[in-house]
Amino acid sequence: MSNNIQETETATLSDWEVIDINNCSIMHQCSNLDPSKMDQATQEKMQMLTIIKSETGLDSQNYKCFRCNSFIGLVCHESMKFLKMIELEPIFDISKLNPSLYSTVPEMSEMKRLRTQMFQIQKYLSCCDDNDAVAAIEKKILPRLYLWKEISIYSLRDLIEVANGKLIEQLKTVVQLAIQHIKSCKRCWHKGYICELCKSEEVIFPFQLDLAVTCPLCSTVYHQQCKKGIACRKCSRRTARALQDLQI
């Protein structure tokens, strides 16, 4: 057994957030779960959520659940109860637990793309004064509003619905509706960008992932084709001004 796994299995309530073998947190601030109200058995199950262990075989315990002593079918009653309890809680941070899923699982790659769009779209909706329109869009994914604000956070239900395609189709609809609103809303539309490199009159947005690219430092948006190999103009001006100030 590795030291990481030993640390995981001896975690106390105070440090229980660090519970997987890579020292990543399974509990996220979006979750409503309260560790202080969990019994020891539940805490142990939370610690096992991200650990894959080699089992010795059910024959070693006579094909019975270790805790309730009932014969095990596909899932024992106690484990099913636990999974139901956490089903809707957004506690899995894929960027920490297993980021390779985005490059190896097509559905997860599509989800990352959709949620990246939603993350950018949310910045426009949060400033929009058309409350009815925004509420109608947000209603499409209630109560899972964390899907707007976090790119890599998932609940167990989310992951199940990613696998069966339901969540992907739902988010595609939400993104389409939100983009239609932004392009028809004067307040949102005026927050778009004009590419400073080509000076085109085309208004572009950071959620147009196939068309635009966003500077990670200043958030200025350019056409992808225009930006290739060229430094961000806004950042360059800031750097030049900073150097001038130092020379004064």
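The values are calculated or read from the model by the stated rules, or taken from the named source; none is laboratory data. Since we're looking at a predicted model, the values are computed, not measured. When we count neighbours, we look across all protein chains shown, and the Cβ atoms used for this are built from the backbone with ideal geometry, even at glycine. For accessibility, only protein heavy atoms count, side chains too; no ligands or nucleic acids. Shrake-Rupley method; radii C 1.70, N 1.55, O 1.52, S 1.80 Å.
For region 214-229, a residue qualifies if it is open to solvent by 50 Å² or more (accessible area, probe 1.4 Å), in contact with a strand residue (DSSP E or B) (Cβ under 8 Å, 6 or more places away or on another chain) and of a type in the set (A, V, I, L, M, F, W, C), but none of them does.
Residue-by-condition table, conditions (1) within 17 Å of I168 (Cα to Cα); (2) touching a helix residue (DSSP H, G or I) at 6+ places or on another chain (Cβ under 9 Å):
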residue	(1), (2)
F92	no, yes
L101	yes, yes
T104	yes, no
M111	yes, yes
Q117	yes, yes
S126	no, yes
A133	no, yes
K139	yes, no
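For region 164-183, the candidate set comprises residues that are open to solvent by 80 Å² or more (accessible area, probe 1.4 Å) and not charged (D, E, K, R); within that set, the residue that is nearest to K149 (Cα to Cα) is Q176. One residue alone among I153, I141 is in contact with a strand residue (DSSP E or B) (Cβ under 9 Å, 6 or more places away or on another chain), open to solvent by less than 10 Å² (accessible area, probe 1.4 Å) and β-branched (V, I, T), and that residue is I153. Restricting K140, K149, K172 to those that are closer than 22 Å to P206 by Cβ and modelled with pLDDT of 95 or more reduces the list to K172. Of all residues in region 69-96, those that are under 17 Å from S155 (Cβ atoms), touching a strand residue (DSSP E or B) at 6+ places or on another chain (Cβ under 9 Å) and open to solvent by less than 50 Å² (accessible area, probe 1.4 Å) total 5. So which pairs qualify, if the first residue must be in region 198-212 and touching a residue at least 24 places away in the same chain (Cβ under 8 Å) and farther than 19 Å from Q122 by Cα, the second must be hydrophobic (A, V, I, L, M, F, W, C) and open to solvent by less than 60 Å² (accessible area, probe 1.4 Å), the Cβ gap must be under 6 Å, and the two must be at least 6 apart or on different chains? These pairs meet every condition: C198/C226. Applying the set (1) in contact (Cβ under 8 Å) with a residue 40 or more places away in the chain; (2) more than 30 Å from L142 (Cα to Cα); (3) charged (D, E, K, R) to K191 leaves exactly one unmet item: (2).
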